[in-house]
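The values are calculated or read from the model by the stated rules, or taken from the named source; none is laboratory data. None of the values given here were measured: they were computed from a predicted structure. For neighbour counting, all protein chains shown are included, and Cβ atoms are generated from backbone atoms with ideal geometry for every residue, glycine included.
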There are 2 protein chains.
Amino acid sequence: MELRQLTSLVALEESGFNVTLAAKQLFLVQSAVSQHLAQLEQELGTQLFMRKGKRLIGLTAAGEQVLNYARQALAIRENILDVGREHVEEGSGLLRIGTTHTQACYVLPAVIRAFRKQFPQVNLQINQGTPQQLVELVVTDRVDFSICTEELGEHSTLTAIPCYRWNRSLIALKGHPVLSEKPLSLERICNYPLITYTFGFTGANHMQTTFARAGLQPNVVLTAADTDVIKTYVREGMGVGLIASMAYSPDLDPDLETRDLSHMLPWETTWVAYHKDKYLRRYQKRFIDLLEQMILDNGATKLTEES
Amino acid sequence: MELRQLTSLVALEESGFNVTLAAKQLFLVQSAVSQHLAQLEQELGTQLFMRKGKRLIGLTAAGEQVLNYARQALAIRENILDVGREHVEEGSGLLRIGTTHTQACYVLPAVIRAFRKQFPQVNLQINQGTPQQLVELVVTDRVDFSICTEELGEHSTLTAIPCYRWNRSLIALKGHPVLSEKPLSLERICNYPLITYTFGFTGANHMQTTFARAGLQPNVVLTAADTDVIKTYVREGMGVGLIASMAYSPDLDPDLETRDLSHMLPWETTWVAYHKDKYLRRYQKRFIDLLEQMILDNGATKLTEES
DNA sequence: ACTCCTTACGGAGCACGTAACTATA
DNA sequence: TATAGTTACGTGCTCCGTAAGGAGT
């Protein structure tokens, strides 16, 4: 058994059991990958693949198990290579982050600015995706870690660290009647058409249940995955926005006004998560530190101060 | 990086950083292993070994990390091979057990008898050792699992399952005055010279603290790692034996008599432990089941009935 | 007809063994 | 001097690529 055979197995699965495609991704010809797979099956003495004639269409039970172990083995290889890189190219390398739009635009910039100052030689790569995609990315080691508010805490293969807590603000065009509501309550907010995050993003579901428990039916006229879209439609006059507080900036949004809603809506925790068996290089650990540190400096509510 | 290079690394460490010896164990010549190690270092770009001239005398920090990952990688390879074996040679294979003398002689025979009936094709290999050695054996995958009373529960890389609980009996030659003591108490036992298990074996330390807490100083004239030795010296008239209850059998020991001490000495739990990332073949799982099951059938106290 | 996988075959590269050299104890 | 490790070099194996053949869509 060779690592290269396991590599082919993983690539095969990731290419939807298309040997040709897998080979391309590995910069090999089909026949090479085909041989790897045949060799594996021969050595193990078991069918690993379900076939339709010559075509591979899936894995057998044994194949699933082997694939699982193959992934682990390749992850370990990466760890070993990272140990090497850490000593050779100390302070330089690649940092691959997966995150949502909101984090990427409104939270990470400050963190990344500080990080770049400490590690100017580290190349950054930000992958944007849905929370589900972010889990997938970090589980398959296509990013070093993912940062977002949902999903991350629940996966057993991930180590998830709470970074900071946040809540929501209401935004509206200056002069909008909602801004004059006193006191501002959930009931009153429900009298206006609302624009907020799509289910599965940025704590939207969490918020929804809060309304439901209060017996309220908010009139959500539009949902979006990212804050900029919400702002855009608030500016269009389509309604009142409910966004993460850190996504409002008086400089960038001089035409909008906010009201803090943290006393009436649930607090959210943003997590950073990485694969629990992953070797973390020094700069990767530092980045996580900064994530917590920077938020603290900015005066946002840090987790440890709560509870 | 190739698995074979990692194999050489692990073999090197296990042979005390003697390349020649490592090569022999791998059925290779020195130069081959030497090259593997050189290749690894070159690919990682880092010193992995501390050297004294040409001789390797230990690992650098990086080397330690790589070794650790190498072990994991090789364990995964074994898992994959086991998946294959499970499907090819179903019901046959090798079962490597590590255990202490007492378990091997007085508990396992019945389990193994039942196991052999179900899996006559599985070869058995029993490795005897101290609890510390048993941990080492199972951590380095030189046995499939270890069975004993100490140590196993405390290692994070092991999955330890409580099998059954037991306590001690006193044994003495027929007619020995201790057998007439009524009621039999810890104090009275302390009036006789005692023979029991060596510290670190079969719950000896646990028992010792019980005496100490009662303010008693037992007169232990001899300790031994296994029960047969204890019986031998009891027969010599050297003193009174304190042994695991299951180690007495009226058939084998017609010249000895016992008194149950379970009301005055602490209960012990015997564990079976295997490496937590290990793939368990069907017959290996079955064996663990049997361990619990057989003890129940024999009327011994099963864990779940307690507490 | 096109795509996809397998098999056969050849060349380049590499892994291991032999052996000579170097260094440690 | 004996033991241990590195380096050089040759041979045989193997890995990948080319190419031809069969199987599915």
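Do you know which residues across segment A:101-139 are in a loop (DSSP other than H, G, I, E, B) and touching a Gly at 6+ places or on another chain (Cβ under 8 Å)?
The answer is A:Phe119, A:Gln121, A:Gly129, A:Thr130.
Regarding B:Thr196, is this residue of a type outside the set (Gly, Ala, Ser) and modelled with pLDDT of 90 or more?
For B:Thr196, the condition - of a type outside the set (Gly, Ala, Ser) and modelled with pLDDT of 90 or more - is met.
Anything in segment A:91-116 that is of a type outside the set (Gly, Ala, Ser), within 18 Å of A:Gln293 (Cα to Cα), without any contact (Cβ under 8 Å) to a residue 60 or more places away in the chain and out of contact with any Ser or Thr (no Cβ under 9 Å at 6 or more places or on another chain)? List them, or say none.
A:Pro109, A:Ile112, A:Arg113, A:Arg116, listed by residue number.
Could you grab me the full set of residues in segment B:211-228 that are buried (at least 17 other Cβ atoms within 10 Å of the Cβ) and assigned to a helix (DSSP H, G or I)?
Correct list: B:Phe211, B:Thr227.
Answer with yes or no whether B:Thr202 is within 29 Å of B:Leu134 (Cα to Cα), in a loop (DSSP other than H, G, I, E, B) and touching a Cys at 6+ places or on another chain (Cβ under 9 Å).
Yes, satisfied.
Looking at this structure, is A:Gln35 out of contact with any Lys or Arg (no Cβ under 6 Å at 6 or more places or on another chain) and within 21 Å of A:Asp141 (Cβ to Cβ)?
No: the conditions fail for A:Gln35.
Looking at segment B:2-35 only, could you name the residues that are at positive phi and hydrophobic (A, V, I, L, M, F, W, C)?
Within segment B:2-35, B:Phe17, B:Phe27 meet the criteria.
In segment A:41-81, which residues are within 16 Å of DNA strand D (Cβ to nearest atom), aliphatic (A, V, I, L, M), closer than 16 Å to A:Ser8 by Cβ and more than 9 Å from every other protein chain (Cβ to nearest Cβ)?
A:Leu56, A:Leu74
For segment B:162-216, which positions are of a type in the set (A, V, I, L, M) and more than 15 Å from B:Ser262 (Cα to Cα)?
B:Ala172, B:Leu173, B:Val178, B:Leu179, B:Leu194, B:Ile195, B:Ala212, B:Ala214, B:Leu216
Just need a number here: residues in segment A:1-18 that are within 12 Å of DNA strand C (Cβ to nearest atom) and over 19 Å from B:Asn79 (Cα atoms).
Total meeting the criteria: 7.
Being within 14 Å of chain B (Cβ to nearest Cβ) and within 10 Å of DNA strand D (Cβ to nearest atom) is the filter here, so list the residues in segment A:31-40 that pass it.
A:His36, A:Gln39
Among the residues of segment B:45-64, what is the count of those that are β-branched (Val, Ile, Thr) and within 16 Å of DNA strand C (Cβ to nearest atom)?
Within segment B:45-64, residues that are β-branched (Val, Ile, Thr) and within 16 Å of DNA strand C (Cβ to nearest atom) number 1.
Report whether or not B:Arg259 is surrounded by fewer than 21 Cβ atoms within 10 Å (Cβ to Cβ) and within 17 Å of B:Cys190 (Cα to Cα).
yes
Could you tell me which numbered condition A:Gly98 fails, if it satisfies all but one of (1) crowded, with 17+ Cβ neighbours inside 10 Å; (2) at pLDDT below 90?
(2)
Quick check on A:Leu222: is it free of Cβ contacts under 8 Å to residues at least 60 places away in the same chain and touching a Leu at 6+ places or on another chain (Cβ under 9 Å)?
yes
If a residue must be within 16 Å of A:Asn79 (Cα to Cα) and buried (at least 16 other Cβ atoms within 10 Å of the Cβ), how many such residues does segment B:40-63 contain?
7
Of the numbered conditions (1) touching a Pro at 6+ places or on another chain (Cβ under 8 Å); (2) within 16 Å of A:Tyr274 (Cα to Cα), A:Asn167 satisfies every one except a single condition; which is it?
(2)
Hey, A:Arg51 hits all of (1) in contact (Cβ under 8 Å) with a residue 12 or more places away in the chain; (2) touching a strand residue (DSSP E or B) at 6+ places or on another chain (Cβ under 7 Å) but one; which does it fall short on?
Against the list (1) in contact (Cβ under 8 Å) with a residue 12 or more places away in the chain; (2) touching a strand residue (DSSP E or B) at 6+ places or on another chain (Cβ under 7 Å), A:Arg51 comes up short only on (1).
For segment B:1-23, give me each residue that is more than 14 Å from every other protein chain (Cβ to nearest Cβ) and within 10 Å of DNA strand D (Cβ to nearest atom).
B:Leu12, B:Ser15, B:Gly16, B:Phe17, B:Asn18, B:Val19, B:Thr20, B:Leu21, B:Ala22, B:Ala23, listed by residue number.
I need a count of the residues in segment B:175-198 that are crowded, with 17+ Cβ neighbours inside 10 Å and part of a helix (DSSP H, G or I).
3
I'd like the residue in segment B:19-38 that is farther than 17 Å from B:Arg51 by Cα and buried (at least 18 other Cβ atoms within 10 Å of the Cβ) and, out of all such residues, is nearest to DNA strand C (Cβ to nearest atom).
If we take residues in segment B:19-38 being farther than 17 Å from B:Arg51 by Cα and buried (at least 18 other Cβ atoms within 10 Å of the Cβ), then B:Leu28 is nearest to DNA strand C (Cβ to nearest atom).
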